[in-house]
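Everything on this sheet refers to the single structure shown next.
The values are calculated or read from the model by the stated rules, or taken from the named source; none is laboratory data. In this text the structure is predicted, and so the values were computed from the model without any measurement. A quick note on method: Cβ atoms are made from the backbone with ideal geometry, for glycine too, and the neighbour counts reach across all protein chains shown.
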Ligand code: ATP
Ligand code: MG
């Protein structure tokens, strides 16, 4: 269904506020748009974001930072989840999306399914997930989804909301 992607992502990020406080993590949500009506599967995208943000918390020591940004151009949107945690070696990075794969430096429990499922859910949207990581420095996951809108979504209300989209360049959670 069509839904505002900005408030959707913002709400998922806010669900981690308490965890961030406990781990003294600097959690931020950055988006140059105030609204972004888009057609997507809310249940699946919720699971993808939950898995990737949970990983960021799992693999980032206390006092670190986790930044989530939502960007868009004409044909696609990008959600970036960056952390300055333990990072991954080249081998871990290559295998991270494999079913049941878990890195050998794991600090906590898991099944190694989170990223495999996330990749599956993103490909069901005709999208893509990429990862950039450096051991000891941190990791960035990039979720790319095609920007799909309902034709009838172009109401006067949405148009006027779009006109204000650059008012708030940074929206802290
Ligand atoms: P779960 O099934 O509970 O999610 P998991 O977190 O180990 O278990 P995945 O989410 O699939 O499994 O991640 C696979 C592996 O990729 C992890 O075990 C870890 O080695 C590595 N990894 C994933 N995200 C990060 C990250 N943000 N920083 C460092 N390593 C990561
Ligand atoms: Mg995981």
key: Within the stretch 19-47, tally of residues that are farther than 17 Å from residue 78 by Cα and part of a helix (DSSP H, G or I)   = 5
request  = State whether one or more residues within the stretch 48-59 are touching a residue at least 12 places away in the same chain (Cβ under 8 Å), in a strand (DSSP E or B) and farther than 21 Å from residue 3 by Cα.
outcome  = no
query = Before we move on, is residue 10 without any contact (Cβ under 8 Å) to a residue 60 or more places away in the chain and out of contact with any helix residue (DSSP H, G or I) (no Cβ under 7 Å at 6 or more places or on another chain)?
reply = no
Residues of the stretch 13-29 that turn out to be surrounded by fewer than 16 Cβ atoms within 10 Å (Cβ to Cβ) and in contact (Cβ under 8 Å) with a residue 40 or more places away in the chain, as a count = 3
task = Name the residue, out of 121, 100, that is touching a helix residue (DSSP H, G or I) at 6+ places or on another chain (Cβ under 9 Å), at positive phi and either more than 8 Å from ligand 1 (Cβ to nearest atom) or in a loop (DSSP other than H, G, I, E, B) (or both).
result = 100
ask   = Residue check: is residue 173 at pLDDT below 90 and touching a helix residue (DSSP H, G or I) at 6+ places or on another chain (Cβ under 7 Å)?
value = yes
remark   = Checking 72, 137, 76 in turn, the sole residue that is under 16 Å from the mean Cα position of the chain (by Cα), at pLDDT 95 or above and surrounded by fewer than 17 Cβ atoms within 10 Å (Cβ to Cβ) turns out to be 76
task = Would you be able to say whether some residue in the stretch 67-80 is assigned to a loop (DSSP other than H, G, I, E, B) and in contact with a strand residue (DSSP E or B) (Cβ under 9 Å, 6 or more places away or on another chain)?
result = yes
query = Of the residues 110, 63, 87, which single one is farther than 18 Å from residue 8 by Cα, away from ligand 1 (no atom under 14 Å from the Cβ) and outside any strand (DSSP E or B)?
reply = 63
key: Condition broken by residue 45, with the remaining ones in (1) buried (at least 20 other Cβ atoms within 10 Å of the Cβ); (2) within 15 Å of ligand 1 (Cβ to nearest atom) satisfied   = (2)
